[in-house]
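Data block below; observations after.
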Amino acid sequence: MNNKTDVLKNKFTKKIEEIIDYDRPNDPVSLQFLTDIEKESIILKEEISDPIGDDRCSKIKGIIHRYPDRVLLIPKGDCLVTCRFCFRKWKLPHEKTELTYEELEGALDYIRSDPQIWEVVLSGGEPLATSEEKLEYIFKQLNNIPHIGVIRIHTRLPIVAPELVTEKTIKILKKNKPVFIVIHCNNEKEITDDVKKCCDLFVDSGIPLLSQTALLKGVNSEAEDLEALFRKLITIRVKPYYLHHCDLVEGTGHFRTTIKEGQALMRKLRGNVSGICQPTYVLDIPNGYGKVPIGPDYVSFDANELITVMDYAGTQHQYPPQ
Ligand SMILES: *Cc1c(COP(=O)(O)O)cnc(C)c1O
Ligand code: SF4
């Protein structure tokens, strides 16, 4: 059983403490990290305990395998913070430890034995908070698997504890196959000078950076918030990758926009903001069916297969039938 009291506790880092504005109502950082017991205790009927179907795709401890060519490897279940909207929120207290070397070998064997697996995505929890020795071991082993083409790391460490990324971390990552890092960042306020320096370390050593953002009411649900965030990410050489529609995690209704609202936000960005600042708006379909782009759509077909395309300003244009 989940220990509800544990889940509802605040947990964040010194770095986050520095940027929380306790005096500002609805501060975008406070909203992400400070517990609101009243709101989080409201469980809507559509909310589910395993919102994206991880359990169904958990093949062996430490592995979530949903798509043919890529797997998640979770070397460490917990994080340095507890984001109040986290899609694994109700599991975190149960996965406090790193995989043991024995469990890790099991997970690596799973990857070794399936030649269809082309990419390993280190996820969590916080994979970059895994002990240095174990991280080095993981990379060394993955490097020896011929069918692995690329290693990806999904992390929030550069935002919540940029000082923990060191030259040694870079050295461990660089000796290997191509590495891509996806940084979880939701509001431009999170991007301080230290964060920029940390991103410079990665990019200057040849590790490309992408970002993922959870669409959250109050944190980034205005077009100006997203515009500022995606522009700032690009200026620190982080390419916006995904904007996630907020998952149906229990007790997160106060964060969730509608899909229509999300699409309207994406429409406002398209054309008005540089193309390299645009992420793909995605939904993780409940019960483990994977992520799909959810628009907005700019093209429509009528019954006679006539094609209409809408430009960014909302004007319709006919496109020749095909
Ligand atoms: C999100 C996710 C991935 C990565 O998906 P991409 O669309 O390639 O970014 C892979 N496996 C699982 C289980 C995931 O949830
Ligand atoms: S960093 Fe990611 S995995 Fe960790 S608590 Fe936040 S959303 Fe969850």
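Working out 0.36 nm times the residue gap between residue 274 and residue 41, then minus their Cα-Cα distance, what length gain in nm do you get to one decimal? Intermediate results must be reported in sequence, preceding the final value.
Details: separation 233, 0.36 × 233 = 83.88 nm, distance 3.98 nm.
Length gained, residue 274 through residue 41: 79.9 nm.
Near residue 118, once Lys and Arg are set to +1 and Asp and Glu to -1 for all other residues with Cβ below 15 Å from its Cβ, the sum equals +2. In this structure, the residue pairs whose Cα-Cα separation is over 29 Å, taken from 89/291; 61/197; 9/268, are 61/197; 9/268.
Using a simple spin-label model with pseudo-atoms 7 Å out from Cα toward Cβ, residue 49 and residue 118 lie 3.7 nm apart.
Working from label points 7 Å from Cα in the Cα-to-Cβ sense, the residue 23 to residue 261 distance is 2.9 nm. Based on alpha-carbon centroids, what's the gap between the stretch 215-242 and the stretch 166-211 in Å, whole number please? Cα centroid to Cα centroid, the span is 17 Å.
The relative contact order of the stretch 2-294, computed from alpha carbon pairs under 8 Å that lie at least 6 residues apart in sequence, is 21 percent. For the chain, the antiparallel share of DSSP beta bridges with both residues in that region comes to about 35%.
Per the Kirkwood formula applied to alpha carbons, the stretch 11-136 shows a radius of gyration over Rh ratio, Rg over Rh, of 1.03.
Computed over the Cα atoms, what is the radius of gyration of the chain divided by 2.2 N^0.38 Å, N being its residue count? Please list the in-between numbers first.
On the way: Rg = 20.3 Å, N = 322, 2.2 N^0.38 = 19.7 Å.
Normalised by 2.2 N^0.38 Å, the Cα Rg of the chain equals 1.03.
Measuring nothing but protein heavy atoms, the accessible surface of the chain at 1.4 Å probe radius is 54 percent carbon and sulfur. Using a cut-off of 30 Å between Cα atoms, the listed pairs 196/260; 196/217; 15/174; 45/189; 134/196 include 196/260; 45/189 as exceeding that distance.
How many percent of DSSP beta bridges within the stretch 1-140 run antiparallel, rounded to 5?
Details: 6 of 11 bridges.
Roughly 55 percent of the DSSP beta bridges within the stretch 1-140 come out antiparallel.
Stretched out straight at 0.36 nm per residue, the stretch from residue 318 to residue 224 would grow longer than its current Cα-Cα span by 30.7 nm.
The values are calculated or read from the model by the stated rules, or taken from the named source; none is laboratory data. Just so it is clear, the structure is predicted and the values come from calculations on it, not from any experiment. With ideal geometry, Cβ positions are generated from the backbone for all residues, glycine too; neighbour counts draw on all protein chains shown. The area values use the complete protein model at the heavy-atom level, side chains included, leaving out ligands, DNA and RNA. Shrake-Rupley method; radii C 1.70, N 1.55, O 1.52, S 1.80 Å.
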